[in-house]
Amino acid sequence: LTHVLGRALQLICVANGMRVAHLSNPKQVVQALAILKPTFLVVVPRVLEKIQAAAAASAREKKVEPIWSVASTVAQKWGRYLETRDQDPSARAPLGLRMQRAFFDRLFYRRLRAVMGNRIEYLLSGAATLQPDLARFFRGIGVPIIEGYGLTETTAPLTGGRPGSLVAGSVGQPLPGNAVRIAANGEVLAQGVGVFAGYRDEAQNAQAFVDGYFRTGDLGTLNADGSLTLNGRLKHVIVTSTGRTVSPEPWEQSVESHPLVAHAALVGTDRPYLTAALVIDPEAVTEWFRTLGESLPAEVEAPGVTVCTDGRLEVALSGAVDRANATVSPAERVQYWRVIVVGSDRWDDFVTPTMKLKRQALIDELQPILDELYR
(Lines give C-alpha, C1' and ligand atoms only; values in the text may rest on other atoms or scores of the structure.)
Protein backbone atom coordinates (compact mmCIF):
# COMPACT_ATOMS: atom_id res chain seq x y z
CA LEU A 1 0.00 0.00 0.00
CA THR A 2 3.02 2.30 0.01
CA HIS A 3 3.09 2.12 -3.78
CA VAL A 4 1.52 5.38 -4.98
CA LEU A 5 -0.57 3.85 -7.78
CA GLY A 6 -1.90 1.02 -5.63
CA ARG A 7 -2.80 3.41 -2.85
CA ALA A 8 -4.52 5.91 -5.15
CA LEU A 9 -6.52 3.22 -6.95
CA GLN A 10 -7.61 1.70 -3.66
CA LEU A 11 -8.94 5.06 -2.46
CA ILE A 12 -10.82 5.51 -5.75
CA CYS A 13 -12.33 2.03 -5.45
CA VAL A 14 -13.40 2.53 -1.83
CA ALA A 15 -14.87 5.95 -2.64
CA ASN A 16 -17.00 4.36 -5.36
CA GLY A 17 -18.23 1.46 -3.25
CA MET A 18 -16.13 -1.21 -4.94
CA ARG A 19 -14.94 -4.33 -3.18
CA VAL A 20 -11.17 -4.59 -2.74
CA ALA A 21 -9.37 -7.84 -1.91
CA HIS A 22 -5.92 -8.12 -0.31
CA LEU A 23 -3.63 -11.13 -0.66
CA SER A 24 -0.62 -11.52 1.61
CA ASN A 25 1.16 -13.89 -0.77
CA PRO A 26 1.61 -12.89 -4.46
CA LYS A 27 1.81 -16.59 -5.36
CA GLN A 28 -1.90 -16.90 -4.53
CA VAL A 29 -3.02 -14.36 -7.15
CA VAL A 30 -3.80 -16.71 -10.03
CA GLN A 31 -5.70 -19.19 -7.83
CA ALA A 32 -7.63 -16.35 -6.15
CA LEU A 33 -8.95 -14.85 -9.40
CA ALA A 34 -11.53 -17.59 -9.93
CA ILE A 35 -12.81 -17.02 -6.39
CA LEU A 36 -12.80 -13.21 -6.29
CA LYS A 37 -14.06 -12.77 -9.88
CA PRO A 38 -12.71 -9.22 -10.31
CA THR A 39 -14.05 -6.84 -12.96
CA PHE A 40 -10.83 -4.83 -13.10
CA LEU A 41 -7.32 -5.90 -12.22
CA VAL A 42 -4.09 -3.97 -11.81
CA VAL A 43 -1.02 -6.10 -12.45
CA VAL A 44 2.67 -6.01 -13.21
CA PRO A 45 3.70 -7.77 -16.45
CA ARG A 46 5.23 -10.69 -14.56
CA VAL A 47 1.77 -11.76 -13.34
CA LEU A 48 0.52 -11.87 -16.93
CA GLU A 49 3.59 -13.84 -18.00
CA LYS A 50 2.86 -16.37 -15.25
CA ILE A 51 -0.77 -16.75 -16.35
CA GLN A 52 0.31 -17.38 -19.93
CA ALA A 53 3.08 -19.76 -18.81
CA ALA A 54 0.64 -21.69 -16.59
CA ALA A 55 -1.68 -22.16 -19.58
CA ALA A 56 1.24 -23.39 -21.71
CA ALA A 57 2.34 -25.79 -18.94
CA SER A 58 -1.20 -27.16 -18.68
CA ALA A 59 -1.28 -27.72 -22.45
CA ARG A 60 2.09 -29.47 -22.29
CA GLU A 61 0.90 -31.74 -19.51
CA LYS A 62 -2.23 -32.65 -21.50
CA LYS A 63 -0.11 -33.39 -24.60
CA VAL A 64 -1.71 -30.59 -26.66
CA GLU A 65 1.20 -28.15 -26.66
CA PRO A 66 1.41 -27.87 -30.50
CA ILE A 67 -2.28 -26.91 -30.64
CA TRP A 68 -1.82 -24.38 -27.84
CA SER A 69 1.12 -22.86 -29.72
CA VAL A 70 -1.12 -22.24 -32.74
CA ALA A 71 -3.85 -20.87 -30.46
CA SER A 72 -1.37 -18.39 -28.93
CA THR A 73 -0.34 -17.18 -32.37
CA VAL A 74 -3.98 -16.77 -33.41
CA ALA A 75 -4.70 -14.76 -30.24
CA GLN A 76 -1.82 -12.40 -31.05
CA LYS A 77 -3.06 -11.99 -34.63
CA TRP A 78 -6.57 -11.27 -33.37
CA GLY A 79 -5.19 -8.72 -30.94
CA ARG A 80 -3.32 -7.02 -33.79
CA TYR A 81 -6.51 -7.01 -35.88
CA LEU A 82 -8.42 -5.32 -33.04
CA GLU A 83 -5.75 -2.60 -32.96
CA THR A 84 -6.30 -2.07 -36.69
CA ARG A 85 -10.07 -1.95 -36.16
CA ASP A 86 -9.63 0.76 -33.52
CA GLN A 87 -8.05 2.94 -36.20
CA ASP A 88 -10.40 1.85 -38.97
CA PRO A 89 -13.82 0.60 -37.76
CA SER A 90 -14.55 -0.73 -41.25
CA ALA A 91 -11.58 -3.13 -41.14
CA ARG A 92 -12.68 -6.75 -41.29
CA ALA A 93 -10.62 -9.76 -40.23
CA PRO A 94 -9.95 -12.47 -42.84
CA LEU A 95 -12.46 -15.33 -42.76
CA GLY A 96 -9.78 -17.87 -41.85
CA LEU A 97 -8.67 -15.82 -38.83
CA ARG A 98 -12.28 -15.38 -37.67
CA MET A 99 -12.87 -19.13 -37.88
CA GLN A 100 -9.64 -19.93 -36.05
CA ARG A 101 -10.42 -17.41 -33.33
CA ALA A 102 -13.93 -18.87 -32.82
CA PHE A 103 -12.55 -22.41 -32.66
CA PHE A 104 -9.79 -21.62 -30.17
CA ASP A 105 -12.16 -19.52 -28.10
CA ARG A 106 -14.24 -22.64 -27.45
CA LEU A 107 -11.17 -24.79 -26.95
CA PHE A 108 -8.89 -22.54 -24.87
CA TYR A 109 -9.68 -18.85 -24.52
CA ARG A 110 -12.94 -19.09 -22.60
CA ARG A 111 -11.30 -21.49 -20.14
CA LEU A 112 -8.48 -19.02 -19.57
CA ARG A 113 -10.98 -16.21 -19.01
CA ALA A 114 -12.72 -18.47 -16.48
CA VAL A 115 -9.43 -18.97 -14.63
CA MET A 116 -9.27 -15.18 -14.35
CA GLY A 117 -12.78 -15.00 -12.93
CA ASN A 118 -14.70 -14.57 -16.20
CA ARG A 119 -15.70 -10.98 -15.42
CA ILE A 120 -12.60 -8.92 -16.21
CA GLU A 121 -13.35 -6.04 -18.56
CA TYR A 122 -9.85 -4.58 -18.59
CA LEU A 123 -6.44 -5.14 -17.08
CA LEU A 124 -4.19 -2.25 -16.15
CA SER A 125 -0.49 -3.03 -16.51
CA GLY A 126 2.30 -0.88 -15.13
CA ALA A 127 5.57 -0.75 -13.14
CA ALA A 128 7.54 -2.57 -15.87
CA THR A 129 7.58 -2.98 -19.65
CA LEU A 130 4.89 -5.21 -21.12
CA GLN A 131 5.91 -7.15 -24.21
CA PRO A 132 3.66 -6.18 -27.18
CA ASP A 133 2.99 -9.82 -28.13
CA LEU A 134 1.83 -10.53 -24.57
CA ALA A 135 -0.53 -7.53 -24.67
CA ARG A 136 -1.94 -8.68 -28.01
CA PHE A 137 -2.31 -12.24 -26.70
CA PHE A 138 -4.52 -11.14 -23.81
CA ARG A 139 -6.55 -8.80 -25.96
CA GLY A 140 -6.94 -11.59 -28.46
CA ILE A 141 -8.44 -13.94 -25.86
CA GLY A 142 -10.88 -11.25 -24.77
CA VAL A 143 -9.07 -9.47 -21.93
CA PRO A 144 -7.79 -6.05 -23.13
CA ILE A 145 -4.81 -4.49 -21.36
CA ILE A 146 -4.48 -0.78 -20.71
CA GLU A 147 -0.84 0.21 -20.44
CA GLY A 148 0.10 3.27 -18.43
CA TYR A 149 3.20 5.08 -17.25
CA GLY A 150 4.14 7.25 -14.33
CA LEU A 151 6.46 7.64 -11.37
CA THR A 152 6.08 8.39 -7.69
CA GLU A 153 7.21 11.94 -8.54
CA THR A 154 4.30 12.29 -11.00
CA THR A 155 1.80 10.84 -8.49
CA ALA A 156 1.69 7.75 -10.70
CA PRO A 157 -0.48 8.18 -13.84
CA LEU A 158 1.26 10.44 -16.36
CA THR A 159 0.18 8.74 -19.58
CA GLY A 160 -2.25 5.95 -20.34
CA GLY A 161 -3.97 4.04 -23.12
CA ARG A 162 -7.66 4.62 -23.79
CA PRO A 163 -10.27 1.91 -24.40
CA GLY A 164 -10.98 1.95 -28.10
CA SER A 165 -7.47 3.09 -29.07
CA LEU A 166 -5.10 0.62 -27.43
CA VAL A 167 -1.76 -0.02 -29.15
CA ALA A 168 0.51 -2.72 -27.73
CA GLY A 169 3.94 -1.38 -26.82
CA SER A 170 2.69 2.16 -26.25
CA VAL A 171 1.94 3.56 -22.79
CA GLY A 172 -0.60 5.96 -24.26
CA GLN A 173 -1.05 9.70 -24.44
CA PRO A 174 -0.57 12.19 -21.59
CA LEU A 175 -3.57 12.23 -19.29
CA PRO A 176 -5.53 15.51 -18.99
CA GLY A 177 -3.48 18.13 -17.20
CA ASN A 178 -0.15 16.53 -18.11
CA ALA A 179 2.41 17.20 -20.84
CA VAL A 180 5.33 15.12 -22.08
CA ARG A 181 8.25 16.01 -24.31
CA ILE A 182 11.50 14.28 -25.30
CA ALA A 183 14.91 15.80 -24.60
CA ALA A 184 17.75 15.77 -27.12
CA ASN A 185 19.26 12.70 -25.41
CA GLY A 186 15.96 10.82 -25.61
CA GLU A 187 14.93 11.35 -21.98
CA VAL A 188 11.23 11.68 -21.20
CA LEU A 189 10.40 15.04 -19.60
CA ALA A 190 7.12 15.56 -17.72
CA GLN A 191 5.02 18.49 -16.57
CA GLY A 192 1.52 18.57 -15.12
CA VAL A 193 -0.92 18.50 -12.24
CA GLY A 194 0.54 15.37 -10.71
CA VAL A 195 4.20 16.31 -10.99
CA PHE A 196 5.68 17.13 -7.61
CA ALA A 197 7.16 20.54 -6.75
CA GLY A 198 10.60 19.14 -5.92
CA TYR A 199 12.66 17.10 -3.51
CA ARG A 200 13.10 18.19 0.10
CA ASP A 201 16.85 18.37 -0.56
CA GLU A 202 17.23 21.49 -2.73
CA ALA A 203 20.60 20.26 -3.96
CA GLN A 204 18.85 17.47 -5.89
CA ASN A 205 16.40 19.76 -7.69
CA ALA A 206 18.94 21.45 -9.95
CA GLN A 207 19.46 18.16 -11.81
CA ALA A 208 15.85 16.98 -11.51
CA PHE A 209 14.20 19.71 -13.61
CA VAL A 210 14.86 21.43 -16.93
CA ASP A 211 12.75 24.33 -18.24
CA GLY A 212 10.04 23.49 -15.70
CA TYR A 213 9.86 19.83 -16.77
CA PHE A 214 10.75 16.93 -14.50
CA ARG A 215 13.47 14.63 -15.79
CA THR A 216 12.03 11.13 -15.46
CA GLY A 217 15.25 9.23 -16.20
CA ASP A 218 13.38 7.11 -18.77
CA LEU A 219 14.14 6.99 -22.50
CA GLY A 220 11.26 7.27 -24.94
CA THR A 221 9.80 8.52 -28.20
CA LEU A 222 6.55 10.29 -29.04
CA ASN A 223 4.48 8.81 -31.85
CA ALA A 224 2.56 10.82 -34.44
CA ASP A 225 -0.61 10.71 -32.32
CA GLY A 226 1.22 12.00 -29.24
CA SER A 227 1.39 8.62 -27.52
CA LEU A 228 4.56 7.61 -25.70
CA THR A 229 6.74 4.55 -26.27
CA LEU A 230 9.38 3.77 -23.66
CA ASN A 231 12.84 2.51 -24.66
CA GLY A 232 14.58 1.90 -21.34
CA ARG A 233 16.24 3.72 -18.46
CA LEU A 234 18.88 6.39 -19.04
CA LYS A 235 21.03 5.13 -16.15
CA HIS A 236 20.97 1.58 -17.55
CA VAL A 237 22.61 2.53 -20.86
CA ILE A 238 25.82 0.54 -21.39
CA VAL A 239 28.89 2.08 -23.02
CA THR A 240 31.40 -0.61 -24.00
CA SER A 241 35.15 -0.12 -24.16
CA THR A 242 34.81 0.04 -27.96
CA GLY A 243 32.52 3.07 -27.65
CA ARG A 244 29.31 1.25 -28.47
CA THR A 245 26.23 2.63 -26.67
CA VAL A 246 23.64 -0.03 -25.86
CA SER A 247 20.22 0.23 -24.23
CA PRO A 248 19.88 -3.18 -22.53
CA GLU A 249 16.10 -3.34 -22.13
CA PRO A 250 15.11 -4.65 -25.61
CA TRP A 251 17.51 -7.61 -25.35
CA GLU A 252 16.55 -8.31 -21.74
CA GLN A 253 12.82 -8.15 -22.43
CA SER A 254 13.18 -10.58 -25.31
CA VAL A 255 14.94 -13.14 -23.09
CA GLU A 256 12.51 -12.55 -20.22
CA SER A 257 9.64 -13.60 -22.48
CA HIS A 258 10.88 -17.18 -21.99
CA PRO A 259 8.71 -18.77 -19.26
CA LEU A 260 11.73 -20.12 -17.37
CA VAL A 261 13.45 -16.72 -17.08
CA ALA A 262 12.38 -14.35 -14.31
CA HIS A 263 14.93 -11.62 -15.05
CA ALA A 264 17.84 -10.92 -17.38
CA ALA A 265 20.68 -8.45 -16.87
CA LEU A 266 22.92 -7.33 -19.71
CA VAL A 267 26.49 -6.44 -18.71
CA GLY A 268 29.27 -4.71 -20.64
CA THR A 269 30.14 -1.23 -19.34
CA ASP A 270 33.81 -0.56 -20.12
CA ARG A 271 34.11 -4.12 -21.46
CA PRO A 272 34.97 -5.21 -25.03
CA TYR A 273 31.78 -7.25 -25.52
CA LEU A 274 28.44 -7.98 -23.85
CA THR A 275 27.60 -10.76 -21.41
CA ALA A 276 24.45 -11.54 -19.46
CA ALA A 277 23.02 -13.11 -16.31
CA LEU A 278 19.75 -15.03 -16.66
CA VAL A 279 17.88 -15.39 -13.37
CA ILE A 280 15.54 -18.36 -13.55
CA ASP A 281 12.02 -18.56 -12.15
CA PRO A 282 12.36 -21.35 -9.55
CA GLU A 283 8.66 -22.29 -9.63
CA ALA A 284 8.54 -22.45 -13.43
CA VAL A 285 11.77 -24.45 -13.60
CA THR A 286 10.57 -26.89 -10.93
CA GLU A 287 7.33 -27.46 -12.86
CA TRP A 288 9.26 -27.80 -16.13
CA PHE A 289 11.48 -30.58 -14.75
CA ARG A 290 8.45 -32.27 -13.17
CA THR A 291 6.64 -32.28 -16.52
CA LEU A 292 9.73 -33.75 -18.18
CA GLY A 293 9.86 -36.44 -15.51
CA GLU A 294 13.48 -35.59 -14.75
CA SER A 295 15.35 -34.79 -11.56
CA LEU A 296 15.62 -31.20 -10.38
CA PRO A 297 19.15 -29.73 -10.23
CA ALA A 298 20.25 -29.22 -6.63
CA GLU A 299 21.14 -25.58 -7.34
CA VAL A 300 17.48 -24.68 -7.97
CA GLU A 301 16.63 -25.32 -4.32
CA ALA A 302 19.88 -23.99 -2.87
CA PRO A 303 19.97 -20.88 -0.69
CA GLY A 304 21.85 -17.74 -1.65
CA VAL A 305 22.93 -16.86 -5.20
CA THR A 306 24.46 -19.63 -7.30
CA VAL A 307 25.32 -20.49 -10.89
CA CYS A 308 23.39 -23.39 -12.40
CA THR A 309 25.41 -25.37 -14.94
CA ASP A 310 22.72 -27.93 -15.70
CA GLY A 311 23.01 -28.75 -19.40
CA ARG A 312 19.26 -29.26 -19.84
CA LEU A 313 18.52 -25.73 -18.66
CA GLU A 314 21.32 -24.22 -20.74
CA VAL A 315 19.97 -25.90 -23.87
CA ALA A 316 16.42 -24.76 -23.09
CA LEU A 317 17.51 -21.14 -22.62
CA SER A 318 20.00 -20.97 -25.48
CA GLY A 319 17.10 -20.55 -27.92
CA ALA A 320 15.89 -17.47 -26.03
CA VAL A 321 19.39 -15.97 -26.14
CA ASP A 322 19.69 -16.70 -29.87
CA ARG A 323 16.31 -15.07 -30.57
CA ALA A 324 17.27 -11.99 -28.57
CA ASN A 325 20.63 -11.76 -30.36
CA ALA A 326 18.84 -11.95 -33.70
CA THR A 327 16.93 -8.74 -32.89
CA VAL A 328 20.02 -6.55 -32.40
CA SER A 329 23.15 -5.62 -34.36
CA PRO A 330 26.21 -7.93 -34.17
CA ALA A 331 28.02 -5.53 -31.83
CA GLU A 332 25.05 -5.63 -29.42
CA ARG A 333 24.83 -9.41 -29.17
CA VAL A 334 25.67 -11.31 -26.02
CA GLN A 335 28.79 -13.45 -26.34
CA TYR A 336 28.59 -15.40 -23.06
CA TRP A 337 25.96 -15.85 -20.38
CA ARG A 338 25.26 -17.71 -17.17
CA VAL A 339 22.14 -19.22 -15.61
CA ILE A 340 21.67 -17.77 -12.12
CA VAL A 341 19.58 -19.13 -9.25
CA VAL A 342 18.48 -16.72 -6.51
CA GLY A 343 17.26 -18.54 -3.41
CA SER A 344 14.11 -17.50 -1.57
CA ASP A 345 16.30 -16.23 1.27
CA ARG A 346 17.87 -13.63 -1.06
CA TRP A 347 15.02 -12.90 -3.49
CA ASP A 348 14.00 -9.62 -1.85
CA ASP A 349 17.59 -8.41 -2.08
CA PHE A 350 17.37 -8.31 -5.86
CA VAL A 351 13.68 -7.94 -6.75
CA THR A 352 11.37 -5.07 -5.77
CA PRO A 353 7.78 -5.57 -4.48
CA THR A 354 6.58 -4.73 -8.01
CA MET A 355 8.82 -7.53 -9.36
CA LYS A 356 11.40 -5.30 -11.00
CA LEU A 357 15.03 -6.36 -10.92
CA LYS A 358 17.45 -4.44 -8.72
CA ARG A 359 19.96 -4.56 -11.52
CA GLN A 360 23.01 -3.02 -9.90
CA ALA A 361 22.58 -5.04 -6.71
CA LEU A 362 22.55 -8.25 -8.75
CA ILE A 363 25.52 -7.22 -10.88
CA ASP A 364 27.52 -6.31 -7.78
CA GLU A 365 26.70 -9.70 -6.24
CA LEU A 366 27.71 -11.55 -9.41
CA GLN A 367 30.88 -9.55 -10.13
CA PRO A 368 33.32 -12.47 -9.61
CA ILE A 369 31.18 -14.69 -11.86
CA LEU A 370 30.85 -12.02 -14.54
CA ASP A 371 34.59 -11.29 -14.45
CA GLU A 372 35.22 -14.90 -15.46
CA LEU A 373 33.27 -14.30 -18.70
CA TYR A 374 35.93 -11.79 -19.79
CA ARG A 375 38.97 -13.99 -19.23
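See the values below:
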{"read-out": "Kyte-Doolittle mean at least -0.5 and Cα axial length at least 20 Å: DSSP H helices in the chain", "value": "45-61, 311-326"}
{"read-out": "Normalised alpha carbon radius of gyration of region 267-314 [divisor 2.2 N^0.38 Å]", "value": "1.42"}
{"read-out": "Portion, in percent, of the accessible area of the chain that falls on carbon or sulfur, probe 1.4 Å", "value": "54 percent"}
{"read-out": "Directionally averaged projected area (convex hull, Cα atoms, region 314-375), nm²", "value": "5.6 nm²"}
{"read-out": "Farthest positive-ward along the chain dipole, Cα basis, beta-carbon charges - from GLY198, HIS263, VAL334", "value": "HIS263"}
{"read-out": "For LYS356, net neighbour charge (Lys/Arg +1, Asp/Glu -1) across residues whose Cβ lies under 14 Å away", "value": "-2"}
{"read-out": "Per-selection Kirkwood Rh - region 1-119 (Cα, Å, 1 d.p.)", "value": "16.7 Å"}
{"read-out": "Accessible surface of GLU365 - all protein chains present, 1.4 Å probe, nearest 10 Å²", "value": "80 Å²"}
{"read-out": "Length added when fully stretched, GLN367-THR269, from 0.36 nm per residue minus Cα-Cα", "value": "34.0 nm"}
{"read-out": "Length gained when the stretch LEU107-VAL70 is fully extended (0.36 nm per residue, less Cα-Cα span)", "value": "12.1 nm"}
{"read-out": "Binned Cα-Cα distance frequencies in region 211-311 - 10 Å width, integer %", "value": "13, 31, 28, 19, 8, 1, 0"}
{"read-out": "About the Cα centre, charge dipole magnitude for the chain (Lys/Arg +1, Asp/Glu -1 at Cβ), debye", "value": "1580 debye"}
{"read-out": "For the chain, radius of gyration divided by Kirkwood radius, i.e. Rg to Rh on alpha-carbons", "value": "0.96"}
{"read-out": "Rg(Cα)/(2.2 N^0.38 Å) for region 148-268, N = residue count", "value": "1.16"}
{"read-out": "Mean Cβ count within 10 Å, highest first, over the residues of peptides 72-83, 92-103", "value": "72-83, 92-103"}
{"read-out": "Ranked packing of 180-192, 196-208, 277-289, 27-39, most packed first, by mean Cβ within 10 Å", "value": "277-289, 180-192, 27-39, 196-208"}
{"read-out": "Convex hull (Cα only) mean projected area of region 168-210, reported in nm² to one decimal", "value": "4.1 nm²"}
{"read-out": "Mean projection area, nm², convex hull over Cα of region 123-193", "value": "5.1 nm²"}
{"read-out": "Dimensionless Rg over Rh [region 249-366; C-alpha; Kirkwood]", "value": "0.95"}
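The values are calculated or read from the model by the stated rules, or taken from the named source; none is laboratory data. Here the structure is a predicted model, which is why all the values come from computation and not from measurement. Counting neighbours? That spans all protein chains shown, and the Cβs are built from the backbone with ideal geometry, glycine included. Areas reflect the complete protein model, heavy atoms only, side chains present, ligands, DNA and RNA absent. Shrake-Rupley method; radii C 1.70, N 1.55, O 1.52, S 1.80 Å.
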